[in-house]
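The structure appears right after this line, and notes come after that.
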Amino acid sequence: MKKLTCLIFALLCCLHSTVMRGQNQADALMKQAQESLDKKEYTKARSLFLRAYNGFATAAKYEQATQCGVQVTALYYRENFYKEAFDMLRSTDQMIFAGEQATHRTRPDLKYATVKERLRIYTRLKQPARAKEQLARLEDLASAANTDSLRNDLLYTKANYFYTFGMNAQGDEAIAKLVGQYKDAKQYDKVIDCYKTLIGIAKKSGNASLTSRSYEQYMIWKDSVRVLKAQDDIAALKQECAEKQSVIDEKDSALQGRQYMIISLCVLAAILAGALVLGAIVLMRFILLTRKQKRAIEVANEHNEQKNSFISNISAQMSPTLDKLDASLPAVAALKGFIAHIEELSEHERHIADKCELQEKNIVNFCEGIAKQIEGKTKEGVSLVVNAPKLDMAINPEMLERVLLHLLGNAAIYTPAGGKITLEYKKRGAHTHQFVVSDTGCGISSEKRAALFKPFAEVKDLTEGDGLGLPICALLATRMNGTLTIDEDYTKGARFVLELHT
């Protein structure tokens, strides 16, 4: 019996030691992951957070495991790996449920973190209905947790959600409720902290509407807080004067009381006059600042129109002269192409905010049709592969064809004999689509990638190309509600990703 007891005790000690080692290792991994994240080494940070998550989950450290799970999720959808992000959230939810069963304790605070991350994903995917469902769940969880921190976080989250989907009135209401609790308590510094936090959240999520609104209210508050503090000082002085007057009335004669009353009223009148002057100064400053900002925007728009008009006039004046020159000369042909590209670039900039028309097209037929236009331009032995599904999609065929033909044309130029060019279509979400063009050419150096989509980044010999093709393609991507980027992790040549949102 003693031997059995000793054996059980030894096993328990060994198990405890193993769990402690696992927890210590998870702590170290989490620290390393945060350091990698601070250095913007996102792939490494994601791997370390995932290992830390597994370690904490094994050691039944549910708070730390949830933190790591949420970090892994954010790093997944940062690179548009939405399936992996949702899988990670499901795994984290299962871990939280297992913890609740083991400890016989509900954890709405941990569930709040995973639901909030789902809300961010659906917001990023522009799915308001699904995002609204997650927001309703967040309200229930914050109510169940009944903590000030989650209630405040819910208001920040609501403001970001409402401004993202154009519900500005509800967004204003959330901000007013958030800062109102501190205004009522006269904690003015905390009001400023609220606005700074809102601006930080808006910038991180790319919410221009919330950024603008928060910054506008922040500037107004900064100007008005001085008046509020002055009013509070006046109220305090009133109270102090009233208390002193009460003491004086009790101790002094009626004449002395009247004298002190006159003095107090004079002081109060002076303070009120100063407050009114200060308020007038603040109001004038705000009016002047608003007019200045409005004028700056008008000047910027006017300059942009003048620039486009100037470019059109220059092109129109040069064309007749160039038409008189020998068009077979490479330099003349290069100049004509350069003028055409400048006009195209200017035209797309002028209509950057216009909504483009869409048509339903079969993706595989569309991609194969574009690939056929490139077949005769490749070097000997180069294989041209199209990988696209048989589904229909609403696109602007002219703009999309212009971008893909340019990318495939560049690939044909730089892919050596016997190489490979690939045109792929990938569906990254309910409303997110990608067209990927890859080649096995020489690739693009890291020094040139920074200015790849910027026009006129360097002086070039026009007979060797004007470098405006990719900037034009980037503008076309923006007009189609998308982005054009280069895959910096691809090392076998060059890979361009055109991501569209419908």
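The values are calculated or read from the model by the stated rules, or taken from the named source; none is laboratory data. Computed from a predicted structure; not experimentally measured. Because the Cβ atoms are built from the backbone with ideal geometry, glycine has one as well, and the counts that use them run over all protein chains shown. For accessibility, only protein heavy atoms count, side chains too; no ligands or nucleic acids. Shrake-Rupley method; radii C 1.70, N 1.55, O 1.52, S 1.80 Å.
If Ala430 passes every condition in (1) within 22 Å of the chain's Cα centre (by Cα); (2) under 25 Å from Glu344 (Cα atoms); (3) open to solvent by 40 Å² or more (accessible area, probe 1.4 Å) but one, which one does it miss? Tallying (1) within 22 Å of the chain's Cα centre (by Cα); (2) under 25 Å from Glu344 (Cα atoms); (3) open to solvent by 40 Å² or more (accessible area, probe 1.4 Å), Ala430 fails exactly one: (2).
Within region 377-409, if we keep just the residues that are over 33 Å from the mean Cα position of the chain (by Cα) and crowded, with 17+ Cβ neighbours inside 10 Å, the residue that is farthest from Leu475 (Cα to Cα) turns out to be Val382. Per the conditions (1) touching an Asp or Glu at 6+ places or on another chain (Cβ under 7 Å); (2) open to solvent by 20 Å² or more (accessible area, probe 1.4 Å), the sole criterion not satisfied by Val436 is (2). Would you call Gln101 open to solvent by 30 Å² or more (accessible area, probe 1.4 Å), touching a Phe, Trp or Tyr at 6+ places or on another chain (Cβ under 9 Å) and in a helix (DSSP H, G or I)? Taking the combined requirement at face value, the residue does not satisfy it.
Let me confirm something: among Ala474, Ala412, which residue is open to solvent by less than 10 Å² (accessible area, probe 1.4 Å), small (Gly, Ala, Ser) and either over 27 Å from Ile352 (Cα atoms) or modelled with pLDDT of 90 or more (or both)? Give the steps one after another, and end with the answer.
Details: Ala474 fails: open to solvent by less than 10 Å² (accessible area, probe 1.4 Å).
The conditions single out Ala412.
With respect to the conditions (1) under 18 Å from Ala131 (Cβ atoms); (2) in a helix (DSSP H, G or I); (3) under 17 Å from the mean Cα position of the chain (by Cα), Thr114 lacks only one, and its number is (3). Restricting Gln127, Gln170 to those that are surrounded by fewer than 16 Cβ atoms within 10 Å (Cβ to Cβ) and of a type in the set (S, T, N, Q) reduces the list to Gln170. Of the numbered criteria (1) assigned to a helix (DSSP H, G or I); (2) open to solvent by 40 Å² or more (accessible area, probe 1.4 Å); (3) under 21 Å from Arg120 (Cα atoms), the one Tyr77 fails is (2).
Among the residues of region 133-152, which ones are among the basic types (Lys, Arg) and either loosely packed, with under 14 Cβ neighbours inside 10 Å or touching a residue at least 12 places away in the same chain (Cβ under 8 Å) (or both)?
Narrowing region 133-152 to residues among the basic types (Lys, Arg): 137, 151.
If the condition is that a residue be among the basic types (Lys, Arg) and either loosely packed, with under 14 Cβ neighbours inside 10 Å or touching a residue at least 12 places away in the same chain (Cβ under 8 Å) (or both), then Arg137 is the only one that fits.
Evaluating Thr106 against the criteria (1) without any contact (Cβ under 8 Å) to a residue 60 or more places away in the chain; (2) closer than 23 Å to Arg46 by Cβ; (3) open to solvent by 40 Å² or more (accessible area, probe 1.4 Å) leaves one unmet condition, (2).
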